[in-house]
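The values are calculated or read from the model by the stated rules, or taken from the named source; none is laboratory data. As the structure is a computational prediction, the values presented were derived from the model and not from experiment. Neighbour counts run over all protein chains shown; Cβ positions are idealised from the backbone, glycine included. Areas reflect the complete protein model, heavy atoms only, side chains present, ligands, DNA and RNA absent. Shrake-Rupley method; radii C 1.70, N 1.55, O 1.52, S 1.80 Å.
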Amino acid sequence: MADLTVQLSGLTLSNPVIPASGTFGFGHEFAEWYDLDCLGSIALKGTTREARLGNPLPRIAECPEGLLNAVGLQNPGADRVIAEELPKLARVFHKPAIANISGFSVEEYAETAAKLDAQPQIGLLEINVSCPNVCHGGMSFGTQPEAAAAVTRAVKAVTKKPVYLKLSPNVTSIADIARACEDAGADGISLINTLLGMRIDLKTKRPLLANRTGGLSGPAVFPVAVRMVWEVYEAVKIPVIGMGGVQSARDVLELMLAGAAAVEVGAANLVDPLACRRIVDELPAAMAEYHIDSLKTITGGAHHG
């Protein structure tokens, strides 16, 4: 029988398939579609210290092989997530979940991370450093090694659970930023977040998104994700969670061969709410096709072929 289990910093997942943050709500919303316990874990919607309404509409734009989004981290804030969303999730999902945390200052990251770290349901913290640093002119924390390292150190100082830094692909060297996070104490790396993009409406001659630019996700970004997972696997010794345009079990295997220990599925959930379950169901047959007995054995396999 195929062994689908994988390891993430001491956590054993029944399989590597994780719905990506921002595409699966707080998880419980999908319980009407299928038994969520078939998933390896769930990356919860990005959470900030205070509630956020997000960006003005329109904030979603379709494009070939993907979509642009500029949702703007809409969420009810950490306290309400803990009081309302986590109890709802606990009724329908009985495995450790991944808290996705965003912030606009180092202090905000640390405060929010400490609150989520204290929740028994949370097995791992995913720190989104693609947010603008409001204390330094709005540049994303994840575009500078020093800023990403500062967030890592602050979060590690107030948490006990594994901390994974979710990196932006909108950089010159993703490996340099991953190394800075590892040196600052990160337990793992998640990548990639969305690529910055833009579309213009020919009728109105204006950007389609009210925010003008947004994050590109979907199949179009998959080759970029494979390349960046490959580069980060070569650069660090800590685990990598790969994501970006995953549509199938074969995509999961490809990202794992590039270096991912587990894989998040994002935009596919917005097209097909059953996408993650389908991919989990497809994995044994895909493994058999490529003569893979255990998924734990293939992480980084393409580097040694």
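Accessible area per residue for segment 164-305, computed on protein heavy atoms with a 1.4 Å probe, is 43 Å². Exceedance of the 23 Å cut-off in Cα-Cα distance is limited, within the set K160/K296; K88/K156; K95/K296, to K160/K296; K88/K156.
Entry note, the chain: the mean residue ellipticity at 222 nm calculated from DSSP H runs of n ≥ 4, each adding -39500 (n - 2.57), is -8000 deg cm²/dmol after division by the residues and rounding to the nearest 500.
Using θ = phi - 60° in the Karplus curve 6.51 cos²θ - 1.76 cosθ + 1.60, the 3J(HN,Hα) couplings for segment 175-184 round to 5, 4, 6, 4, 5, 5, 5, 4, 5, 8 Hz; x is entered for Gly and Pro. About the centre of its Cα atoms, segment 146-305 shows a dipole size close to 700 debye [charges on the beta carbon of Lys, Arg (+1) and Asp, Glu (-1) only; nearest 20 debye].
Accessible area of segment 1-75 with a 1.4 Å probe: how many percent of it is carbon plus sulfur? Here it works out to 56 percent.
Carbon and sulfur atoms: what percent of the 1.4 Å accessible area of segment 221-279 do they account for? Each step should come with its number before you reach the end.
On the way: 1140 of 1980 Å².
Here carbon and sulfur together make up 58 percent of the probe-accessible area.
Taking θ as phi - 60° and the Karplus parameters 6.51, -1.76 and 1.60, the scalar couplings of segment 88-94 work out to 5, 5, 4, 6, 10, 9, 10 Hz in sequence order, x denoting glycine and proline.
Tell me, what is the percent relative contact order of segment 14-107, built from C-alpha pairs under 8 Å that lie six or more residues apart? Working shown, then result.
Numbers: 142 pairs, mean separation 32.4, N = 94.
RCO, segment 14-107: 34 percent.
Working note: Karplus 6.51/-1.76/1.60 with θ = phi - 60° gives segment 39-46 the couplings 7, x, 6, 9, 8, 6, 4, x Hz, where Gly and Pro are set to x. Sorting S102, S140 by accessible area puts them as S140, S102; the probe is 1.4 Å, largest comes first, and only protein heavy atoms count.
Could you work out the relative contact order of the chain, using alpha carbon pairs under 8 angstrom and six or more residues apart, expressed as a whole percent?
On the way: 716 pairs, mean separation 62.2, N = 305.
Dividing the mean separation by the residue count of the chain yields 20 percent.
Comparing L195, L53, L68 in a Gaussian network model of the chain, where Cα atoms under 10 Å apart are tied by springs, the biggest mean-square fluctuation is seen for L53. Amide H contacts for T159 (H built 1.01 Å from N in the peptide plane; partners 5 or more residues away or on another chain; cut-off under 5 Å): none found.
Amide H to amide H, with H built 1.01 Å from N, S190 comes under 5 Å of L165, K166, L167, I241, counting only residues 5 or more places away or on other chains. Between A118 and S294, the modelled label-to-label distance comes to 3.9 nm, taking each label 7 Å out from Cα in the direction of the beta carbon.
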